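FYI, it's all coordinate maths here, none of it is from the lab. On a predicted model such as this, the values are computed, not experimentally measured, just so you know. Every residue, glycine among them, receives a Cβ derived from its backbone with ideal geometry; neighbour counts consider all protein chains shown.
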Amino acid sequence: MTTLETRRAIEAILMVADHPVEPAVLAQLLEVPRADIEAACDALAAEYADHQRGFALVRVAGGYRFQSHPDLAPYIERFVLEGQTSRLSAAALETLAIVAYKQPISRMQVAAIRGVNVDGVLRTLQQRGYVMEVGRDPGPGTAVLFGTTPLFLERVGLDSLDDLPPLAQFVPGADVVEALEEGLRPEPVVEPGGGG
Amino acid sequence: MTTLETRRAIEAILMVADHPVEPAVLAQLLEVPRADIEAACDALAAEYADHQRGFALVRVAGGYRFQSHPDLAPYIERFVLEGQTSRLSAAALETLAIVAYKQPISRMQVAAIRGVNVDGVLRTLQQRGYVMEVGRDPGPGTAVLFGTTPLFLERVGLDSLDDLPPLAQFVPGADVVEALEEGLRPEPVVEPGGGG
Amino acid sequence: MRSAAGRGLYARSVAYKVQTPVYEGPFDLLLHLILRDEVDLYDVSLGAIVDAYLAELDRMRELDLEVATEFLLIAATLVELKSRRLLPGDGDIGLDDELALWEERDLLLARLLECKTFKDAARQLEAFAVEAGRSYPRTAGLEERFVGLVPDLLEGVTPDDLLAAAAHALAPRPRPAIDLYHVTPAKITVSETVASLVEELPLAGRTTLRALTSSAVERMEVVVYFLALLELYKQGLVALTQLTTFGTLTVEWTGGADTDLTVIDLYEG
């Protein structure tokens with residue numbers, strides 16, 4: 001098979017796929033090494049960018065897919081009108097972040113971190129397909145354990161969970177730790193406001 | 001708007017569209033004359049042919065769409081036969097189940113139950129012949145109502161919808177039971193105009 | 001005009017009332033209170049934080065008891081931290097108590113840090129999602145000519161599978177239930193406490209929360225008593241008075257001598 005045919009076949013398949021197609025699948029269908037697939041996809045993506053196409057070939061959630069170019073979002077928004085993905089609430093995002101980084105994780109563990117009940121928000125995330133049950137805690141309670149889905153990766157535009165920025169990056173800096181520490185230091189003797 | 005932007009916007013919209021888009025619609029979205037749209041689409045189609053793309057921009061059913069190049073049909077067939085497109089997701093199964101149990105039901109009602117947009121899923125189910133339009137809501141919106149098809153019954157091995165396992169949707173509270181009993185009490189109520 | 005002297009507690013609580021954000025739980029609120037004034041990092045007063053926290057609790061009038069528990073547990077820790085050395089007779093706190101308080105404080109600090117970490121991670125995820133949301137995927141699917149090739153999608157799907165899927169989709173959304181599992185396991189429930197208070201209080205005359213909870217070992221028990229009293233207060237069965245903030249909470253039975261428990265809309269703990 002020529003490189004041209006590999007490239008063309010990839011284009012054709014991705015045009016009819018309705019979900020990201022893994023390079024391994026493409027390799028099997030086209031009977032070429034996976035590395036060739038990845039090289040061909042990289043080349044195609046570069047070509048589209050070069051030609052200033054209104055679409056792009058991207059790698060997301062472990063596979064390749066066609067999508068509209070972000071520049072043209074205003075036109076797409078006018079075109080689709082309905083069916084736009086609704087925004088995620090702060091509660092949903094925080095819960096998603098915890099599940100993403102700590103998976104597999106139980107409902108209780110998520111609740112303990114957030115300090116609030118998370119039943120409703122977890123169910124919504126499940127309904128929207130961003131979170132799923134991935135197993136059971138082997139412990140006595142056999143609590144359901146949750147993890148994120150490929151759809152979650154698509155939603156945040158990441159290829160895999162490994163692409164999440166390291167959590168350490170978000171650990172509060174010394175200034176914040178100090179402020180919290182200061183703020184929670186047991187009050188010394190004098191009552192506040194006493195000095196006016 | 002520049003010609004480049006027209007071209008790019010057309011590419012983006014057609015990439016995202018799941019049905020042929022009429023030139024008049026594109027003209028309206030892009031705020032350019034229809035003739036410009038048609039010229040741009042012709043130019044794009046020629047360009048793709050020129051570059052030996054694995055896809056083509058074609059005019060079909062009064063609109064434009066992207067599709068795989070006929071040359072590459074064998075790859076698409078393998079893609080399909082290898083089962084890469086035949087996944088009935090949990091979301092699709094839930095949608096199908098809701099339609100089966102609650103028919104006739106509108107798209108919005110299904111979406112309300114699932115808590116997510118169901119356009120794509122319903123379209124797939126329709127395409128596969130498991131779900132069809134069965135009427136219109138008599139209400140103001142005259143929404144399309146969906147139901148299951150004979151093919152669906154055949155495939156899940158049911159003679160009729162009556163054979164679906166009964167759904168205990170909720171355990172009614174005492175007040176509901178009372179209201180039901182009230183409603184079922186055989187009372188000789190004469191409907192005005194109801195001659196039967 | 002704002003005088004220099006006014007820049008303390010009062011200024012904070014006024015500024016506080018202007019905003020009406022919705023807090024996602026007590027950590028959210030506490031983080032906001034401690035960190036909102038980033039300029040004043042070294043000028044954060046526990047007293048001001050506690051006051052603002054309690055003011056916020058007060059503002060959340062429709063706060064139900066379920067949500068309140070977590071807020072109140074944190075409030076209890078805060079108040080304990082603040083009032084530790086103010087209370088008469090506390091000069092002789094044992095070393096164990098002192099250590100326990102610090103431990104409690106460190107635990108709260110650790111949980112706040114963890115919560116803050118994920119809040120910031122969530123913000124990054126949101127940025128990713130916004131960026132990714134500007135691109136729309138192609139989902140057109142197969143062209144008609146290939147559709148006939150697709151194997152039967154319903155292969156292996158049974159009517160029972162449909163039933164299960166429908167039941168799952170139609171299941172009523174769970175009512176947020178009280179979750180005490182990550183705090184001290186409650187040895188007594190609010191409803192039990194309500195029941196016992198209904199028996200005790202008519203005989204006790206005027207009493208105080210402190211007296212009622214004198215035998216309480218865990219802070220959780222005090223909170224449970226407090227919640228039970230609130231419940232009775234809502235039912236109009238007790239009068240609660242507190243002359244000063246953090247002062248003694250006086251409890252007085254105002255219901256009849258013989259109140260039928262069944263009329264009380266018991267809080268299901």
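Springs between Cα atoms under 10 Å define the GNM used for chain A, and in it the highest mean-square fluctuation of A:VAL177, A:VAL25, A:VAL80 occurs at A:VAL177.
Expressed in units of 2.2 N^0.38 Å, where N is the residue count, the Cα radius of gyration of the stretch B:1-75 is 1.07. Loop-resident GluC sites (Glu not before Pro) (DSSP state other than H, G, I, E or B) in the stretch A:6-90 with no more than 11 further Cβ atoms inside 10 Å of their Cβ: A:GLU31, A:GLU82.
The relative contact order of chain A, computed from alpha carbon pairs under 8 Å that lie at least 6 residues apart in sequence, is 16 percent.
With label points set 7 Å from Cα along Cα→Cβ, the inter-copy distances at B:GLN126 are 3.0 nm, sorted shortest first.
On the beta carbon distance between A:LEU167 and C:GLU192, with R0 = 41 Å, the FRET formula returns roughly 0.50.
In nanometers and ordered shortest first, the copy-to-copy spacing of the A:LEU167 label point, defined 7 Å from Cα toward Cβ, is 3.9. Against chain A, whose longest principal axis comes from its Cα atoms, helix A:34-50 is set at around 90 degrees. Out of every Cα pair in the stretch A:41-187, what percent are spaced more than 28 Å from each other? The share of Cα pairs beyond 28 Å in the stretch A:41-187 comes to 39 percent.
Note on C:ALA211 and C:GLU252: their simple-model spin labels are 1.3 nm apart, each label 7 Å out from Cα toward Cβ. Sorted from shortest to longest, the distances between the B:PRO70 label points of this copy and the other copies are 3.9 nm, with each point 7 Å from Cα along the line through the beta carbon.
With R₀ set to 41 Å, the beta-carbon distance separating A:GLU182 from C:GLU199 gives a calculated FRET efficiency near 0.35. Among A:LEU180, A:LEU161, A:LEU30, the largest mean-square fluctuation in a Gaussian network model of chain A (Cα springs under 10 Å) belongs to A:LEU180.
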